[in-house]
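The values are calculated or read from the model by the stated rules, or taken from the named source; none is laboratory data. Since the structure is predicted, the reported quantities are computational estimates derived from the model, not experimental observations. With ideal geometry, Cβ positions are generated from the backbone for all residues, glycine too; neighbour counts draw on all protein chains shown.
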Amino acid sequence: MTPYPKLLAPLDLGFTTLKNRVLMGSMHTGLEEAGDWNRVAAFYGARAKGGVGLIVTGGMAPNKEGAVMPGAAGLFSEEDIANHTRVTARVHDEGGKIAMQILHAGRYGFSPDCVAPSAIKSPISMFKPKALDEAGIEKQIADIVTAASRAQAAGYDGVEIMGSEGYFLNQFLVAHTNKRTDRWGGSYENRMRLPVEIVQRVRAAVGREFIVIYRLSMIDLIPNGSTWAEVVQLAKAIETAGASIINTGIGWHEARIPTIATSVPRAAFAWVTNKLMGEVAIPIITSNRINTPDVAEELLAEGCADMVSMARPFLADPDFVIKAAAGKPEMIAPCIACNQACLDHTFSLKMSTCLVNPRACYETVLLLTPVETSINIAIVGAGPAGLSTALSAAERGHKITLFDTAPMVGGQLNLAKEVPGKEEFRGLVAWYQARIKALNIKTRLGKMATAKDLAGFDEVVIATGAKPRDPQIAGQNLPHVLGYAEVLGGAKVGKRVAVIGAGGIGFDICEYLVTTDSPTLDLEAWKTEWGVGDPQINRGGLAEAGPQPEPAARSVTLLQRKSTKPGKGLGKTTGWIHRATLKMKGVQMIGGVNYEEITPQGLIISEGEARENIRLIEADTIVLCAGQQPERRLADELEAMGIKCHVIGGADVAAELDAKRAILQGTKLAATL
Ligand code: NAP
Ligand code: SF4
């Protein structure tokens, strides 16, 4: 008996049956744009092989004016259809099903050609869209229908029409972006005409036996967004128009409420989908921050939805479903919702991959082939770099011994998991532990590895990590000065705190210091903190009172020497959340300072090159988060003895080291050993 009977139950759509209730949600990876269609096929093929019920591709543009950016992929020519056919064939060969998402960006298009219901620029793009005339609207509909027909010709099992997240169709639905006075604007009947017309015409073009998913924005999270009555009215009209499935969209991209970041509680928006259950007869899919089979099963068991969408978890582990079906959920590489290697890459115009699984989208590039001759490898350091080397090399067939001075594996991941909003790191460490056991990796924990311990191994990998940089500030040895590791380790901290260094760790420390109970673990508290209301009461789901954060646990000042905005170097898609969180908690952020001296009263700073405006920041505790330096003692000792070793991770380069770079470097090394 499977522990996931609901998740693994087939879904009968009448003309076709999905083998389970798992949808791999659409993600823009950049693969299609790169043009290596063998690689695209390998990516989707691996997910189909891993057992997912239905895959949805990244968004494909129906035309130039609807593209998310110039050069965005679409189905424009016979050659495009042939390329996509390679993908659908591979997925079908692996026993899967795949639908193509049709994404018209509207005013979110990063292009001067972008079009929208009205000429209103979005706060997140630099291009003002052109308002469409009647003929222009007809052209958009026709192009979307053509894209659906071409998808069918390319062998797709269906299409998903992207109607949420503030894209083109969503822009017609709300008065916020639709100021038209013709039959496409004004009353809600008029504003919803476009999506309904599109679904109707797509259905007419593709016939009855083709999946048509409509992704419907169930909570816009913007001022003047849809009411719940409008959401229900639209859902019913979309069903009548011929959709096979309704998928959930949460929040517009311009919303100032996080919807998928790691600090968002798991399944934070399933209650919204749940409200729609029973309003339509077609299956409904729920979405956002669902990353384990247990959470997914629970949602289905509670009747929140008929199917569950997960996107990023399929970057982290293509075999999510077969591992769940085998009763081995602990073997699933967890998506920690960090966005660091997926969405942050997309928004930097880089190929997506995954921090936890650097082989995602690199299936044909980063190969972990089984070895012919198994060798003994010693790896010193069980942080992200050492762990990823250990796992990948062991998977290839090598015999691994992993050393660390700490009594447990994880390195700095064990610090990260103490930060409120970063609880997902706990699952990552647990997964490493489970994999170490499954791969029979020997561990020698809790004592320093010496050159003697490493004698006799065929290869030695040094992944000893980084140590805190010494900022050399006068008075830093006073007892009320702490390192970040001491703070996260539970050291006593006073009520007034100055934090030196506003990098990733400085921000983490501030969140730790101002938070009493993590709202990530308490959905109602999180909703109150960010001002998420019920769309049945508040239009768009914005609570009338706005964000209501818990009072800060401490008074904190965050400092850096640079005069740039503190937090500028944080993640592209998540930095704003960290900045907003600290702002809500009243953290003072000061840039462009010099640290003159630490005294028992606090921290004396001055400003600028002329060291003006000398003043005391009164503080009971000062926390040093001044960056890191390589911990190379063992590597240097071995090299001095003429023992060859591979130095990776923080021990190699500590500057701006994060888990993404460490894991990638470790995996790449393992591929060559
Ligand atoms: P970091 O991001 O490089 O920041 C180091 C901070 O220390 C900077 O604010 C820097 O600002 C300051 N600093 C540097 N030299 C100093 C000196 N001699 N005296 C005083 N201050 C000094 O490093 P980190 O905070 O240690 O983080 C390490 C890595 O982990 C980073 O790559 C970070 O991105 C990653 N991380 C990421 C996250 C995340 O949310 N994605 C969270 C935690 C860590 P000034 O030079 O201007 O003073
Ligand atoms: Fe998930 Fe982070 Fe991997 Fe993206 S990079 S798939 S958010 S673990």
> Based on what the data block shows, is residue 245 assigned by TED's automatic domain parsing to the domain that holds residue 302, within 19 Å of residue 11 (Cβ to Cβ) and touching a Pro at 6+ places or on another chain (Cβ under 6 Å)?
Replying inline: yes
>> Quick check on segment 425-439. Is at least one of its residues buried (at least 22 other Cβ atoms within 10 Å of the Cβ), under 30 Å from residue 517 (Cβ atoms) and within 16 Å of ligand 1 (Cβ to nearest atom)?
In response: yes
>> Scan segment 638-660 and tell me whether some residue there is outside the structural domain of residue 502 (by TED's automatic domain parsing), within 16 Å of ligand 2 (Cβ to nearest atom) and not hydrophobic (A, V, I, L, M, F, W, C).
In response: yes
>> So, in segment 273-304, how many residues would count as being of a type in the set (A, V, I, L, M) and more than 22 Å from the chain's Cα centre (by Cα)?
In response: 8
> Do we find that residue 668 is touching a residue at least 60 places away in the same chain (Cβ under 8 Å) and within 16 Å of ligand 2 (Cβ to nearest atom) in this structure?
Replying inline: no
> Out of all the residues in segment 516-551, which are among the hydroxyl-bearing types (Ser, Thr, Tyr), under 23 Å from the mean Cα position of the chain (by Cα) and more than 16 Å from ligand 2 (Cβ to nearest atom)?
Replying inline: 518, 528
> Of all residues in segment 344-369, which are outside any loop (DSSP other than H, G, I, E, B) and either closer than 21 Å to residue 431 by Cβ or free of Cβ contacts under 8 Å to residues at least 40 places away in the same chain (or both)?
Replying inline: none
> In the set 533, 489, 501, which member is among the small types (Gly, Ala, Ser), surrounded by 15 or more Cβ atoms within 10 Å (Cβ to Cβ) and over 19 Å from residue 617 (Cβ atoms)?
Replying inline: 533
>> Could you check segment 167-192 and list, in sequence order, the residues that are closer than 26 Å to residue 205 by Cα, within 32 Å of the chain's Cα centre (by Cα) and part of a loop (DSSP other than H, G, I, E, B)?
In response: 167, 192
> In segment 193-234, what residues are modelled with pLDDT of 95 or more, under 18 Å from residue 165 (Cα atoms) and part of a loop (DSSP other than H, G, I, E, B)?
Replying inline: 220, 221, 222, 225, 226, 227
> Looking at segment 517-545, which of its residues are within 19 Å of residue 222 (Cα to Cα) and either hydroxyl-bearing (Ser, Thr, Tyr) or part of a loop (DSSP other than H, G, I, E, B) (or both)?
Replying inline: 528, 531, 533, 534, 535, 536, 537, 538, 543, 544, 545
>> Just checking, does segment 253-272 include any residue being away from ligand 2 (no atom under 16 Å from the Cβ), among the aliphatic types (A, V, I, L, M), under 17 Å from the mean Cα position of the chain (by Cα) and closer than 23 Å to residue 529 by Cβ?
In response: yes
> Say we look at segment 552-591 and pick out the residues that are in contact with a helix residue (DSSP H, G or I) (Cβ under 6 Å, 6 or more places away or on another chain) and within 16 Å of ligand 2 (Cβ to nearest atom); which of these is nearest to residue 616 (Cα to Cα)?
Replying inline: 578
>> Where the second residue is part of a strand (DSSP E or B) and of a type in the set (Ser, Thr, Tyr) and the first is in contact (Cβ under 8 Å) with a residue 12 or more places away in the chain and within 13 Å of residue 595 (Cα to Cα) and lies in segment 609-629, which pairs have Cβ atoms under 6 Å and are six or more apart or on separate chains?
In response: 614/606; 617/557
> Take the residues of segment 318-333 that are assigned to a loop (DSSP other than H, G, I, E, B) and crowded, with 22+ Cβ neighbours inside 10 Å: which is farthest from ligand 1 (Cβ to nearest atom)?
Replying inline: 318
>> Show me the helices (runs of 4 or more DSSP H) entirely contained within segment 569-673 in which 1 or more residues are more than 30 Å from residue 397 (Cα to Cα) and within 13 Å of ligand 1 (Cβ to nearest atom).
In response: 575-584
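Residue by residue, here is whether (1) modelled with pLDDT of 95 or more; (2) over 28 Å from residue 260 (Cα atoms); (3) within 16 Å of ligand 2 (Cβ to nearest atom) holds:
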{"site": "385", "(1), (2), (3)": "yes, no, no"}
{"site": "390", "(1), (2), (3)": "yes, yes, no"}
{"site": "395", "(1), (2), (3)": "yes, yes, no"}
{"site": "408", "(1), (2), (3)": "yes, yes, no"}
{"site": "411", "(1), (2), (3)": "yes, no, no"}
{"site": "414", "(1), (2), (3)": "yes, no, no"}
{"site": "419", "(1), (2), (3)": "yes, no, yes"}
{"site": "423", "(1), (2), (3)": "yes, no, yes"}
{"site": "428", "(1), (2), (3)": "yes, no, yes"}
